[in-house]
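Notes for the one structure printed next.
The values are calculated or read from the model by the stated rules, or taken from the named source; none is laboratory data. The structure displayed is predicted, hence computed values, not measured ones. When we count neighbours, we look across all protein chains shown, and the Cβ atoms used for this are built from the backbone with ideal geometry, even at glycine. Accessible surface is based on the protein model in full, side chains and every heavy atom, while ligands, DNA and RNA are left aside. Shrake-Rupley method; radii C 1.70, N 1.55, O 1.52, S 1.80 Å.
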Amino acid sequence: MSDQITLVEVGPRDGLQNEKQTIPPDLKIDLINRLSQTGLSIIEAGAFVSPKWVPQMASTDEVMQKITRNPDISYPVLTPNLKGYEKAIDNKADHVAIFAAASQSFSKKNINATIEESLERFKPVLERAKADDVKVRGYVSCVLGCPYEGEIAIKDVIKVAKALYEMGCYEISLGDTIGVGTAGKTNQLMDAITKEIPAGAIAGHFHDTYGQSLANIHASLEHDIRTFDTSVSGLGGCPYAPGASGNVASEDVIYMLEGSGFKTGVNLDLMREISIWISQKLNRAPASKVTLAHQASCAI
Ligand code: HMG
Ligand code: MG
């Protein structure tokens, strides 16, 4: 199996969507332009969602218009419905993501639709995207637990993931939205789901609330999963998942993978510099242990 790993940098979207302070578009643009220098091939740039639901993403149009696009990098945006998709196309997106959940309660809270209604809502998005030659990624939230329902059955995750895959999503990103998963549970999920969907079409999206993300990525690797969503400096959280912390830090994942013989193609030094820079801008310490350890060793 390949030692090449694709990292999907979700910092500018998942990382910033839950910030209490309003992030000026220029800072998001600066962040994306810096990330574009690191060797990443996919940087999630924002979300065309309702500004009433997620105010922080309201500037995604300006961000998409002003970033310096590297032709080797894809800049996907979240589109929960046709309205969002049309805005994405107006702003020259060539890659979008739809997002469903394995939990009914989370689906209602996050996108105001049952799982079944959300799948119906996504159908016209996929039809339009196919006609426009736009790639569509599919997210499934709450794959290892829900903030409202607790445990989620693996069969419920597989049902939604398969529906998105069969509708035409090229990849399904499995979200541990509240970071409660463990390596054992990730192992069971990945074992079951790769019997239904090819491992090459699965990605892992682990939030690090309980500090289990690296272990969960390691468990996923055992099932030939080679794509992981990460966030510079461990930024992140979902407004509809109370208490959930950031995504696993990009620097920590690069350090673990490169140190284990995998290739990410992403420059760890540059990523650490961006981590320190964005943390200063947001007035906090980086959440990445690798960045903190490097800072401490430089100070000796
Ligand atoms: P709704 O209120 O049911 O929508 O929200 P509606 O169709 O009834 O429309 C209501 C108003 O919203 C209308 O405006 C629409 O025009 C507007 P009004 O007439 O009142 O002025 N509207 C929009 N505006 C901009 N862009 C749009 C759009 N659609 C409608 N696309 C809706 C339904 C899905 C829109 C809403 O619930 C929503 O935007 N939810 C997004 C929530 C979100 O972004 N959550 C975070 C991302 S998911 C996540 O973080 C998890 C993930 O990281 C994986 C993981 O960790 O598990 C991906
Ligand atoms: Mg997330």
TODO: Work through the residues other than Glu44 whose Cβ is under 10 Å from its Cβ and net out their charges, Lys, Arg +1 and Asp, Glu -1.
DONE: -1
Open item on the list: What lysines does Lys20 reach when the alpha-carbon gap must be under 18 Å and sequence neighbours fewer than 8 apart in one chain are set aside?
Closed with: Lys28, Lys52, Lys281
Open item on the list: What is the distance in Å between the Cα centroid of the range 43-73 and that of the range 108-140?
Closed with: 18 Å
Task: Solvent-accessible surface ranking, highest first, for Arg226, Arg128 at 1.4 angstrom - done: Arg128, Arg226
Open item on the list: Limiting things to C-alpha atoms, what are the Rg and the maximum Cα-Cα separation (Dmax) for the range 161-295, in angstroms?
Closed with: 15.1, 46
- [ ] Leaving out ligands and nucleic acids, note down the accessible area per residue over the chain with a 1.4 angstrom probe, in whole Å².
- [x] 42 Å²
Open item on the list: Heavy atoms of the protein only, probe of 1.4 Å, neighbouring chains included. What is the accessible area of Met64 in Å², nearest 10?
Closed with: 0 Å²
TODO: First select every other residue whose beta carbon is under 13 angstrom from the beta carbon of Ala183; then total the charges, Lys and Arg +1, Asp and Glu -1.
DONE: -2
Task: Sequence of Lys87, Lys52 from largest to smallest accessible area, 1.4 Å probe - done: Lys52, Lys87
- [ ] On the full set of protein chains, 1.4 Å probe, figure out the accessible area of His218 and give it in Å² to the nearest 10.
- [x] 80 Å²
Open item on the list: Can you order the peptides 228-235, 22-29, 43-50 by their average number of other Cβ atoms within 10 Å per residue, highest first?
Closed with: 228-235, 43-50, 22-29
TODO: State, to one decimal in nm, how far the label point of Lys155 lies from the label point of Ser41, with both points 7 Å from Cα in the Cβ direction.
DONE: 3.7 nm
Task: Residues of type lysines that Lys135 reaches as a straight line, Cα spacing below 22 Å, ignoring anything fewer than 8 places off in the same chain - done: Lys66, Lys83, Lys87, Lys92, Lys123, Lys159, Lys162
Open item on the list: If I compute solvent accessible area with a 1.4 Å probe over the protein chains, what percent of it on the chain is carbon and sulfur?
Closed with: 50 percent
- [ ] Give me the net charge of Met271's neighbourhood, meaning all other residues with Cβ under 12 Å from the Cβ of Met271; Lys, Arg count +1, Asp, Glu -1.
- [x] -4
Open item on the list: With every protein chain left in place and a probe of 1.4 Å, what is the accessible surface of Phe262, to the nearest 10 Å²?
Closed with: 40 Å²
